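Quick notes on the structure that follows.
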Amino acid sequence: MLSVYEGFFSGGARIVHSDVVLGLREGGQHHRVLSIHGEVHREATRQRMEDDACYRKLTAADVGVTSLGRTFGAGGAGGLDPAVFTGPELADTARATADADVVLSLKEQPLALLARAGLPRRPVVVCLHRSDPENQGRALGDLKAAIADGTVAAAVCCAESTRAAYEAAGVPAGLLHVIPNGVDLIRFRPDAARRLAARTALGVDPAAPVVVFAARYDGMKNVPLFLAAAAAWLDAVPDGHVLMCGAGMTTANPGLAGDIADAFAGAPDLPARLHLLGVRHDMETVYAASDVVALTSAWGEAAPLCLVEGMMCGAVPVTTDVGDSAAIVAGRGIVTPPDPQAIAAAWTEAVTRRDEFAPASAAARERFSRTRMIASYAALIDRVYAGSVQRIPQREDG
């Protein structure tokens with residue numbers, strides 16, 4: 001198996017896909033990963049492949065990871081067309097692809113590379129993680145072209161909203177297979193010791209209500225809406241604390257600093273209870289320390305990982321109605337309109353009803369399990385491989 005990533009940078013899709021690779025390897029498959037970019041500058045953060053937590057987990061498990069060496073963002077792309085590749089880049093891709101029986105594409109962006117003539121013909125399973133295919137630049141066109149020329153054999157949709165959106169955009173329904181995101185239930189669970197340790201490290205009282213926002217700094221996450229709700233909630237809850245973590249969630253990000261200044265104008269004392277944590281590799285501890293996991297996204301979400309991880313750690317999910325979010329939290333959390341006051345009121349309600357929501361979240365653990373997710377991926381890959389042996393000649397174009 002070969003997985004092709006656009007790059008290693010902070011985000012739920014890369015976490016899920018890397019966990020799938022690790023799980024499939026544990027089940028006996030041989031996996032390698034090829035990353036188009038070796039360094040990415042986005043969310044006001046320089047993200048080197050070698051520093052990424054997913055990269056480190058993969059290589060620690062003896063999954064070979066290589067890169068074409070490109071740099072994206074901050075002027076580092078060198079004017080390269082994302083659909084144009086050099087001879088050495090194509091040669092590296094050909095060597096990586098030749099050893100694979102099936103190729104997994106993390107989202108549709110790598111298809112501009114994988115569909116190039118001259119590369120070994122291998123069935124590609126494209127893994128889709130958003131609900132707005134029309135808002136992905138040229139990616140939807142690349143996906144349709146790769147389907148038309150037979151490169152794509154199947155598509156994994158992490159949510160029903162993803163399947164519906166891509167079918168509406170013209171992707172054949174027979175190619176779309178829904179495999180909901182899952183998490184490691186041993187890692188993501190309520191833990192009183194972690195809760196106390198995290199709160200102690202942050203200087204938060206053990207009994208104080210805590211809301212966490214785990215997201216990268218991106219327009220789709222609607223950070224200004226979240227901060228407006230945070231300002232209203234912190235003003236109404238004198239002992240409340242808000243945690244923000246993810247790429248770009250630091251004081252070094254001028255965009256976030258400006259958003260905070262706007263949201264808390266006239267209330268200069270409230271940001272003292274707003275904790276900017278940046279990228280964290282111990283999210284199970286952050287979630288365990290929290291009472292509410294919040295999401296205020298405006299578009300694009302499919303099956304937000306933060307809602308599942310936070311809920312499995314005992315935090316009540318409170319989210320806007322985007323993608324499959326409402327279905328994920330149904331009976332276990334609260335869906336809000338995109339209004340700051342309504343969101344702040346929902347956080348207070350979630351804190352108050354936390355014990356009431358807990359049994360439903362506990363009962364849903366199997367539904368959100370990593371084991372279930374990986375078994376579903378393995379079954380689909382086996383079907384794709386069996387079909388390729390029967391129908392797709394193992395040849396090289398050109």
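The values are calculated or read from the model by the stated rules, or taken from the named source; none is laboratory data. All values reported here derive from a predicted model rather than from experimental measurement. Glycine gets a Cβ as well: all are built from the backbone with ideal geometry, and neighbour counts include every protein chain shown.
Can you tell me which residue in segment 320-351 is surrounded by the fewest Cβ atoms within 10 Å (Cβ to Cβ), limited to those that are among the β-branched types (Val, Ile, Thr) and in a helix (DSSP H, G or I)? Of everything passing the filter in segment 320-351, Thr348 is surrounded by the fewest Cβ atoms within 10 Å (Cβ to Cβ).
As a summary of the residue check, Leu128 satisfies the conditions (1) within 24 Å of the chain's Cα centre (by Cα); (2) at pLDDT below 95 except for the one numbered (2). If you go through segment 256-276 and pick out every residue that is of a type in the set (Gly, Ala, Ser) and assigned to a helix (DSSP H, G or I), you end up with 5.
Checked against the criterion of being touching a Pro at 6+ places or on another chain (Cβ under 7 Å), closer than 30 Å to Asn135 by Cα, buried (at least 21 other Cβ atoms within 10 Å of the Cβ) and among the small types (Gly, Ala, Ser), segment 231-242 has no qualifying residue.
For (1) charged (D, E, K, R); (2) assigned by TED's automatic domain parsing to the domain that holds His31; (3) over 25 Å from Gly27 (Cβ atoms), each residue gets a yes or a no:
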site	(1), (2), (3)
Ala294	no, no, yes
Leu305	no, no, no
Glu309	yes, no, no
Gly323	no, no, yes
Glu349	yes, no, yes
Tyr377	no, yes, no
Leu380	no, yes, no
Val384	no, yes, no
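Filtered by the rule that a residue be part of a loop (DSSP other than H, G, I, E, B), of a type outside the set (D, E, K, R) and over 27 Å from the mean Cα position of the chain (by Cα), segment 95-119 gives Ala117, Gly118, Leu119.
Residue selection: Glu50 satisfies the criterion of being of a type outside the set (Phe, Trp, Tyr), in the same structural domain as Gly150 (by TED's automatic domain parsing), closer than 24 Å to Gly246 by Cα and at pLDDT 95 or above. For segment 141-166, a residue qualifies if it is surrounded by fewer than 19 Cβ atoms within 10 Å (Cβ to Cβ) and either over 24 Å from Ala386 (Cα atoms) or free of Cβ contacts under 8 Å to residues at least 24 places away in the same chain (or both), and the qualifying residues are Gly141, Ala148, Glu160, Ala164. Being part of a helix (DSSP H, G or I), more than 27 Å from Arg42 (Cα to Cα), acidic (Asp, Glu) and out of contact with any strand residue (DSSP E or B) (no Cβ under 9 Å at 6 or more places or on another chain): is that true of Asp235 here? Spelling it out, Asp235 is indeed part of a helix (DSSP H, G or I), more than 27 Å from Arg42 (Cα to Cα), acidic (Asp, Glu) and out of contact with any strand residue (DSSP E or B) (no Cβ under 9 Å at 6 or more places or on another chain).
Taking the listed residues Pro82, Pro110, Pro133, the one that is over 24 Å from Asp19 (Cα atoms), touching a residue at least 24 places away in the same chain (Cβ under 8 Å) and not acidic (Asp, Glu) is Pro82, with no other qualifying.
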